[in-house]
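First comes the structure, then the notes that go with it.
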Amino acid sequence: MESWKKHLIKALEAGKLRPSVCDFLEEWRGAAHLPSWSAGAIDDLLARGELEELTNRFFCVAAFGTAGIRGRVIGNRPAAGELDKDGQPTCAAVGSAYINDINVARAAIALYRHCENWLCNRDDRFDVPKLIIAYDSRHFSRHFAEITAGIWRVLGGHALLFNAPRSTPQLSFTVRHLRATAGVVITASHNPRWDNGFKAYFADGAQVVEPHASSITNAYASISTEEVCVILSQLQSSAGGYQILPAGLDEMYLQRLQDSAVDPSIFQICPIEIAYTPLHGTGYPIMGPLLERVGIHCHAEESQCRMDPDFSTVQLPNPEDGKALALVLKLADQKRLDLALATDPDADRLAIAARDRSGHMRILSGNETAILLAAYRLRAMKNTRWLRGKRASHAAIIASYVTTPLLDELAKAAGVRMIRTLIGFKWIGEKLEDYEHGATASYRHATGMSVDYRTIDEAHRRELLLTHSTYLVLGAEESCGYMAIDCTRDKDSHSAALMACEAFAWLRRRRKTIQDFLDEIYKRYGYHGDRLLNIHCAGADGMDRMNYCLRSIAEKPLTHVGGRKIIRCMDFSKDNIRDGDGKAIPKVPFWIFDLTGGSRVAIRASGTEPKMKCYMFHRTAKRDLKRAMVETSAVLDDMAAAVQAELDRRMC
C-alpha cells in the first residue's frame, strides 16, 4: 500500500479527519494524471501530520457560486514545493476547496460545455464558443488566465486574452463589444492577498444568472478530478492557445466611459484636482487617461500604482476599509486636494474621501456615496431635461435590498422608478438586459425596424430607453459598487469616479462641500444611518457554524433584536417576492427584518468570502443633524451587539 494511503487510513481510524475530507483527498491523490506538484504537496502534508491544514483544503469542492469560484491560493501551512526560498508562492496551493490549476480548469471546462450547448440550442451549432479573458495583479492570475485559454483551445473554442492586467468592468465591456459568447476575469476582487478566483460572465456582459448559472454549476460538479487532470495534461503539448486582444480596445472603452458624465462641461467651468490610488491593482491604466482627457488633474499615489500581488503597502486591498486609504489621504493633504478616490484590485469598487468644512478628509460610506451620486444625477438630468415630464417614469435607480432606503425617497421625489434586486451586480446586469430587450422589441413593434443596441451612441440609446423601456439613472450597492451607463454590465469604478468628480465640481462651483450636500438631503428626508457587521467563518469548522446558523434562521426566524420587536420579515428563502417590474426574485437564504422605531436588519451569507454579513439601518427624523447622528449611532451600536449575540448563540 502506498504511504499516502497508510497516512490517510491512520488519520481516519483515529478520528482526526472527517470521512468527507478523506473522500476528497483520495479522489485527488488517486487520480492517475494528477500533476506531480499536487501529488507531492499532498504527500508532504500527510507525512507531516498537517491534518487541520488538510481539512481546510479538502473539506469541500470550491463551489461555483455567486461570482464563479473564489478562495485561497496560498495555504496557511504551505506544503513542500508551494513556496520558494524567499517565501514567495511558486504554485497554487493544492486542495479541492482551494483555487488552483485543477479547479480553475474545472471551471473553464464547465463554462465551455455550457456555452457549446447554448449555441447548439440557439441553432448556432456552427459557431465556435468565443471567450474573452482578463486578469488582475494577484498571484497566479496570468497563469490561470493562460490555463483557461488553453482549455478552450483543447476543447475546440476560441480564446482572446488581454496582454496585461485589466479591470473587471473592462472585461464586461469587451465581452459586449466583441459579441463574445462568454467572459472570464481571474480575480478575487478586494479579498486578502492569499486569495484568487475565476469570475464568469455571459454574452450580455453580466455575471451569469439563470438559466446559465445552474447549468454551469451542474457541469462543474459533474467533472471528476481525473477528467480535469487528463485535459490539463493536454495543455503541455498545446503551445499558446489564445489570441492577444488589440490595444485599441482601451480607447473604445475610454470613449464609452466619457458618456458617464451628465454635464462634462463642468470640468472646464470648474477645473478640479484629485488624489487617486488603485491599491496595487488594475485601475490606473484606464483611470489615469480617463480623468486627464476630461480635464481632471489626477495625482496618483505612485507607490500603489505598481501592480503588486502582495499588496505590500496595505493590510487589505479593500477600499471599504479606511486603513487602505491612508496613503492617498496623506497625498491629498500634501497636495492640498479636497477629493481622494481609491479602487480595489480589479477596479470595480470605488471609495471616496472628501474634505469637510473643518478641513478634515472624511471617508464616505458606500451608502453615502450612493446618495451623493443618485441625488446629483437626478438633479443634473432634470436640468438637462432628460427626465422632463412623464419621461421620468421611464427612468430608474437600481440598487440591492441592502443599499440605503434613502434612495427610495430620492427616486419618489424625482418621479423615477426604484428597483430593488438581490445582492450582487449580476442582478442589476440582468435588469439592464431585460430593459435592452424591451426597448428593441418595442421599437420594432412601433416602427417595423430593428435597431442594433450595442452600436448606437449613448444619446440615441438614452432616447430609445426613455421612449420604449427603462433608462438607468444609477446602479448602486452599499459595498462601494456603482454603475452609470449600461455599456458595462457590472459595477465600474471608472464611470463611478467620473460621476463623483462631476458632482464634486458642481458643488465646488457653488462653494459647497459634499458633506454640505448630504446634510441638505438629510434635513429634508431624515438622517439615515447604517452599519455593517461581518462575522467571519473561515475554514471547515467556520463553514459548519455558518450553515448551522442559516438553517436555524430559516427554521426559526428572529422575533426581536435587542429590545426592538420585529414587525415585518421578508424571507427570501421561502416567500414569493417580486421586484418593481413584477419579476420573481429567486429564492436564496436572505432575510430582512423591519423593527419598531424605524430600524431594519438584513442577514445573509457572503457569496464571495467565508463570512456572514449583517446590515443594520436606522432613520431619525430630527432636523438637528448632530443629535440625529448621535441617536442613530447609539441605536446601531445596540442593534449590532444584539445581532452579534443572537448569531453567536445560533452558531453554537
Pick from the stretch 597-645, criterion among the acidic types (D, E) and within 23 Å of M546 (Cα to Cα), ranking: surrounded by the most Cβ atoms within 10 Å (Cβ to Cβ): E609
Matching residues, the stretch 532-573, being surrounded by 13 or more Cβ atoms within 10 Å (Cβ to Cβ), assigned to a loop (DSSP other than H, G, I, E, B) and touching a helix residue (DSSP H, G or I) at 6+ places or on another chain (Cβ under 9 Å): C537, A538, L558, G562, S573
E27 vs. criteria at pLDDT below 95, within 25 Å of T217 (Cβ to Cβ) and acidic (D, E): yes
Filter result for P317 (assigned to a loop (DSSP other than H, G, I, E, B), in contact with a helix residue (DSSP H, G or I) (Cβ under 9 Å, 6 or more places away or on another chain) and surrounded by 15 or more Cβ atoms within 10 Å (Cβ to Cβ)): yes
Matching residues, the stretch 294-309, being surrounded by fewer than 16 Cβ atoms within 10 Å (Cβ to Cβ) and not polar (S, T, N, Q): H297, E302, R306
Matching entry among A31, A67, A47 (being in contact (Cβ under 8 Å) with a residue 12 or more places away in the chain, closer than 14 Å to I102 by Cβ and not acidic (D, E)): A31
Selection within the stretch 508-526 - without any contact (Cβ under 8 Å) to a residue 60 or more places away in the chain and either in contact with a Leu (Cβ under 6 Å, 6 or more places away or on another chain) or within 19 Å of A413 (Cβ to Cβ) (or both): E520, R524
Scope the stretch 397-444; condition under 16 Å from F590 (Cβ atoms), assigned to a loop (DSSP other than H, G, I, E, B) and aliphatic (A, V, I, L, M); matching residues: V402, L422, I423
Which numbered condition A342 misses (of (1) farther than 15 Å from L472 by Cα; (2) in the same structural domain as E478 (by TED's automatic domain parsing); (3) in contact with a Leu (Cβ under 7 Å, 6 or more places away or on another chain)): (2)
Test: residue in the stretch 274-281 that is out of contact with any strand residue (DSSP E or B) (no Cβ under 8 Å at 6 or more places or on another chain) and in a loop (DSSP other than H, G, I, E, B): yes
Test: A605 is assigned by TED's automatic domain parsing to the domain that holds M546, under 30 Å from Y98 (Cβ atoms) and out of contact with any His (no Cβ under 7 Å at 6 or more places or on another chain): yes
Helices (runs of 4 or more DSSP H) lying entirely in the stretch 1-95 (those with 2 or more residues that are under 36 Å from the mean Cα position of the chain (by Cα)): 19-29, 36-47, 51-58
Subset of the stretch 74-99 (residues that are within 16 Å of E53 (Cα to Cα) and either among the polar types (S, T, N, Q) or not assigned by TED's automatic domain parsing to the domain that holds I133 (or both)): N76, S96
Condition check for A221: exposed (fewer than 14 other Cβ atoms within 10 Å of the Cβ), at pLDDT below 95 and in a loop (DSSP other than H, G, I, E, B): no
Test: residue in the stretch 39-56 that is among the charged types (D, E, K, R) and closer than 30 Å to A182 by Cα: no
Answer from G580, G607 - the residue that is touching a Gly at 6+ places or on another chain (Cβ under 7 Å) and either more than 20 Å from V635 (Cα to Cα) or of a type in the set (S, T, Y) (or both): G607
Answer from D101, D127 - the residue that is out of contact with any Lys or Arg (no Cβ under 8 Å at 6 or more places or on another chain), of a type in the set (D, E, K, R), modelled with pLDDT under 95 and surrounded by fewer than 23 Cβ atoms within 10 Å (Cβ to Cβ): D127
Filter pass, T55 being hydroxyl-bearing (S, T, Y), at pLDDT below 90 and under 22 Å from E609 (Cβ atoms): no
Test: residue in the stretch 199-210 that is out of contact with any Phe, Trp or Tyr (no Cβ under 6 Å at 6 or more places or on another chain), at pLDDT below 95, surrounded by fewer than 21 Cβ atoms within 10 Å (Cβ to Cβ) and not basic (K, R): yes
Test for L325: is it surrounded by 21 or more Cβ atoms within 10 Å (Cβ to Cβ) and under 21 Å from the mean Cα position of the chain (by Cα): yes
Evaluation of A505 against (1) more than 30 Å from P192 (Cβ to Cβ); (2) of a type in the set (G, A, S); (3) under 20 Å from the mean Cα position of the chain (by Cα) (one fails), failing number: (3)
Residue within the stretch 236-247 that is touching a His at 6+ places or on another chain (Cβ under 8 Å) and either buried (at least 21 other Cβ atoms within 10 Å of the Cβ) or not in a loop (DSSP other than H, G, I, E, B) (or both) present: yes
Residues that are surrounded by fewer than 18 Cβ atoms within 10 Å (Cβ to Cβ) and within 30 Å of P211 (Cα to Cα), drawn from the stretch 62-88: A63, G65
Residues (part of a helix (DSSP H, G or I) and farther than 15 Å from A347 by Cα) located in the stretch 292-314: E292, R293, E302, S303
Residue that is farthest from S312 (Cα to Cα), among those in the stretch 143-182 that are over 20 Å from the mean Cα position of the chain (by Cα) and among the charged types (D, E, K, R): R179
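The values are calculated or read from the model by the stated rules, or taken from the named source; none is laboratory data. Quantities reported herein were computed from a predicted structural model and do not represent experimental measurements. Don't worry about glycine lacking a Cβ; one is built from the backbone with ideal geometry, like all the others, and counts go over all protein chains shown.
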